[in-house]
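What follows is a short report on a single structure.
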Amino acid sequence: MTTIHRFIVLALASIALSTYGADAAGNWKESCAKCHGEDGKGETKMGRKLSIGDLTDAKMQAKFTDEEAFKAIKSGRTDANGKTTMKAIEGLSDEDMKALVAYVRTLKK
Ligand code: HEC
């Protein structure tokens with residue numbers, strides 16, 4: 001292998017490694033979009049039922065901190081009456097959840 005080939009192989013490997021485990025967009029589609037919608041607007045059947053806020057709206061984004069978003073994803077969320085509205089997400093590492101918080105921030109228009 002020439003040096004340039006070795007470089008390309010290494011670069012591709014590191015891209016593959018960095019997306020693996022932190023595929024926030026994929027996790028969003030799989031675990032979050034059924035309520036929040038793929039675009040984050042919450043215009044889904046579940047979204048309407050739960051009257052979910054529009055995550056593309058800067059005002060909505062200003063209502064929670066990254067820590068609160070992380071907690072909502074990790075532990076779930078309840079409404080004022082203590083009823084669970086967003087279940088704790090299972091099967092994701094803390095890293096995945098942090099990546100999701102960052103992803104949620106990119107939904108803001
Ligand atoms: C069963 C439906 C449901 C699913 C699935 C769901 N959420 Fe939520 N989520 C809610 C509801 C309901 C709220 C609170 C409604 C509001 O205030 O707009 C909420 C609020 C949030 C908030 C705002 C945090 C806060 O404290 O107000 C974030 C960020 C969020 N969800 C991210 C996610 C992510 C990321 C996923 C996927 C891992 C996800 N949600 C999956 C229903 C859901």
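Since every read-out is calculated from the coordinates, none of them should be taken as a lab result. None of the values given here were measured: they were computed from a predicted structure. Because the Cβ atoms are built from the backbone with ideal geometry, glycine has one as well, and the counts that use them run over all protein chains shown.
Quick notes
- Rounded to the nearest whole Hz, the Karplus-based 3J(HN,Hα) values (6.51 cos²θ - 1.76 cosθ + 1.60, θ = phi - 60°) of the range 50-56 follow the sequence 8, 6, 6, x, 8, 6, 8, with x at glycine and proline.
- For T85, residues with placed amide H under 5 Å, excluding near neighbours: R77, T78, D79
- Other residues with beta-carbon under 11 Å from the beta-carbon of T85 carry, at +1 per Lys or Arg and -1 per Asp or Glu, a net charge of +3.
- Once Rg and the Kirkwood radius are both taken over the C-alpha atoms of the range 23-106, their ratio Rg/Rh works out to 0.92.
- Over the chain, relative contact order from alpha-carbon pairs under 8 Å, at least 6 apart, %: 25 percent
- Hz values of 3J(HN,Hα) by residue in the range 87-93 - Karplus curve (6.51, -1.76, 1.60), Gly and Pro given as x: 6, 4, 7, 9, x, 10, 7
- Neighbourhood charge, 13 Å Cβ-Cβ cut-off, centred on K59 and excluding it, Lys, Arg +1 and Asp, Glu -1: +1
- Taking the C-alpha atoms only, the angle from helix 3-19 to the longest principal axis of the chain is near 20 degrees.
- Listed cross-link partners K74/K98; K29/K83; K63/K109; K29/K108; K59/K98 are compared with a 19 Å cut-off, the Cα-Cα value being larger for K29/K83; K59/K98.
- Residues in the range 94-103 carry Karplus couplings, in order, of 4, 4, 4, 5, 5, 5, 5, 4, 4, 5 Hz; the curve used is 6.51 cos²θ - 1.76 cosθ + 1.60 with θ = phi - 60°, and Gly or Pro positions show x.
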